[in-house]
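Below is one structure; the comments refer to it alone.
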Amino acid sequence: MFLLDAPVPIAYALVTGLAGGVHPVAGPMAAAMAIIVFTLLVRLAMLPLAVAAAEGERTRARLLPKVRDLQQRHKKDPERLKRETAALYEAEGATPLAGCLPMFAQIPFFMVMYRLFRSATVAGHQNALLAHTLLGAPLGQNWIGLVGGGLFAPPSLVFLGLLALLMALAVWSSRRAAGTAPAGAAGVLARVAPFGTVVFAVFMPLAAGLYLLASGTWTAVERAVLHRRIVAPAA
């Protein structure tokens, strides 16, 4: 965890700097807007990883008929099926988990941002980001803390709107994954994983929920574009 302490002040300085830059346009929502913009800039920097992952998905989709054939031929011999499937992917330089690279690359960034949103002080100074609000909902508060003031109170409604958007993204991502996910545990994980963001957002500060929404929206658009231009076989 100490490795994450050093990047937190850097992230704080960048986000607060962005907040100051967009304040003339965003006004009271400058901090929330800065979190979204900062998240999108980081995702833009990781775009090469997403392109590589999409190319891996194309290979996996091409191999899917062969994998299913192996599953049919060796359904009574799980160990041989495992060996044959691994050999097939190895020969093609692919992996059943193709497409997960951007997700893994986001983990350190997410942990830094989460610590930023959970820390009352940063580098010995008060965390000014947590003092800001989005339509009356404190960026440093989670939904569990807000719902005590009334389920349909304005701050709670802001969070409910965020959760609804995250759920819509999760449903879209899960349905898209169902068309290309491999059989077995990897396929189940690919279809279920998107809903984890909704669960996390319930217990995380609103600022972290904005990160999840911005990053999830980028992922949805990114996958739609890369799937059409890279993953989809040529006609």
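The values are calculated or read from the model by the stated rules, or taken from the named source; none is laboratory data. Since the structure is predicted, the reported quantities are computational estimates derived from the model, not experimental observations. Positions of Cβ are backbone-derived with ideal geometry, glycine not excepted, and every protein chain shown enters the neighbour counts. Ligands, DNA and RNA are stripped out before the accessible areas are found, and what is left, the full protein with its side chains, is counted by its heavy atoms. Shrake-Rupley method; radii C 1.70, N 1.55, O 1.52, S 1.80 Å.
Values as computed for the structure displayed
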| read-out | value |
| --- | --- |
| Hull shadow area, averaged, the stretch 24-148 [alpha-carbon convex hull, nm²] | 13.0 nm² |
| Length gained when the stretch LYS75-VAL199 is fully extended (0.36 nm per residue, less Cα-Cα span) | 41.1 nm |
| R0 of 35 Å, Cβ-Cβ distance ALA45-ALA120: FRET efficiency to nearest 0.05 | 0.75 |
| Pairwise label distance in nanometres, VAL221 with VAL25, each label 7 Å out on the Cα-Cβ vector | 1.3 nm |
| Protection proxy ranking of 30-40, 72-82, 166-176 - average other beta-carbon atoms within 10 Å, highest first | 30-40, 166-176, 72-82 |
| With every protein chain in place, the stretch 24-145: carbon and sulfur % of accessible area (1.4 Å) | 62 percent |
| Debye-sum result for the stretch 1-79 in log10 I(q)/I(0), which assumes one identical scatterer on each alpha carbon, at q = 0.17 Å⁻¹ | -0.80 |
| Approximate spin-label separation ALA153-ALA52, in nm, with each point projected 7 Å along Cα-to-Cβ | 4.7 nm |
| Residues ALA105 and ALA128, FRET efficiency given R0 of 35 Å [Cβ-Cβ distance, rounded to 0.05] | 0.75 |
